[in-house]
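A.B. asks: Handing you this structure, nothing more for now.
The values are calculated or read from the model by the stated rules, or taken from the named source; none is laboratory data. Bear in mind that the values here come from a model prediction, so they are computed numbers and not experimental data. Positions of Cβ are generated from backbone atoms using ideal geometry, with glycine treated the same way; all protein chains shown enter the neighbour counts. For the accessible areas, the whole protein counts, side chains as well, though only heavy atoms, and no ligand, DNA or RNA atoms are used. Shrake-Rupley method; radii C 1.70, N 1.55, O 1.52, S 1.80 Å.
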Amino acid sequence: MTTPLLSPLTTHVLNTGRGIPAANMNLSLYLLDATLPSWNLLRKGATNDDGRCPGLITREAFIPGVYKMRFETGRYWEALGETCFYPYVEIVFTITDASQKFHVPLLLTSRRFVTVDGKMADEELEAIRRQRMAELQAKHGDSSDQQGQQEAKQRETEMRNSILAQVLDQSARARLSNLALVKPDKAKAVENYLIQMARFGQLGGKITENGLIEILEKVNQQTEKKTTVKFNRRRVMDSDEEDDD
């Protein structure tokens, strides 16, 4: 396999929408014949996996003049399953000193494109690509975190429902469901009480509606005790303030 000769004219196409090189994009290089005038085709090629097209033109064929590079963006986006606004992109530029090296980069999404002067180094283009990749990864990461939280919440709900189905008979489940409609916080407290008892093996069998009523009374008593403690503590604080007066 022969290595293409280094070209004095290079290009690098980046799909900034996805943060990746634009591989397998067909392109053509033309030189303007000012005497006709018309465009003479110099080379057809396609970008490689890195978004580049090595060997665009030889040093001998590279002369001062007006050049045009045409990128078949429509076919590229179609191959990715996306529609685009620009079916092709043509970049026309002038070379006055053919002894120098020139770089024609193209940064694009399916809706827009931008090119910069040929003096921009590949390092700068890579910095743009890395920044875009970081943005995409951060966005994807946030999305993954949210999805993970939703999945964890769903698993917890399924686990709770499974335990309640094992410890409650049909009448008790119906009563608990009705309670959840009018007093969701109290129903949640009863569920937590039942799940805790089940995990410690303190339930001998399925709980009936009457058994659920007894548990509800216990939960009410526990709630009242907590409220009383808070209330009494407040009264003590008020009494201390009065004594200080």
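A.B. asks: Which part of segment 176-198 falls in the paramagnetic zone of Glu214, meaning amide N under 12 Å from the point 7 Å along Cα-to-beta-carbon?
C.D. replies: none
A.B. asks: Per residue, how much accessible surface does segment 1-91 expose to a 1.4 Å probe? Answer in Å², no decimals.
C.D. replies: I get 55 Å² per residue for this part.
A.B. asks: If amide hydrogens are placed 1.01 Å from N in the peptide plane, which non-local residues have theirs closer than 5 Å to the one on Leu42?
C.D. replies: Leu29, Tyr30, Leu31
A.B. asks: Along segment 101-114, what does the Karplus equation 6.51 cos²θ - 1.76 cosθ + 1.60 (θ = phi - 60°) give for ³J(HN,Hα), rounded to whole Hz, x for Gly and Pro?
C.D. replies: Rounded to whole hertz, the list is 9, 10, 10, 10, x, 9, 10, 8, 10, 6, 10, 7, 8, 8.
A.B. asks: Extending each Cα 7 Å along its Cβ direction at Ile63 and Asn178, get the distance between those two points in nm, one decimal.
C.D. replies: A separation of 9.7 nm, rounded to one decimal place.
A.B. asks: Return the long-range amide H neighbours of Thr11 (sequence gap of 5 or more, or a different chain), with a cut-off of under 5 Å between placed amide H atoms.
C.D. replies: When sequence neighbours closer than 5 places are left aside, the close amide H contacts are Cys53, Val104.
A.B. asks: Let me ask something else about it. Mind listing the phi-derived Karplus ³J(HN,Hα) values for segment 179-193, rounded to whole Hz, using 6.51, -1.76 and 1.60 with θ = phi - 60°, and x for any glycine or proline?
C.D. replies: 4, 5, 6, 9, 9, x, 5, 5, 4, 5, 5, 5, 4, 4, 4
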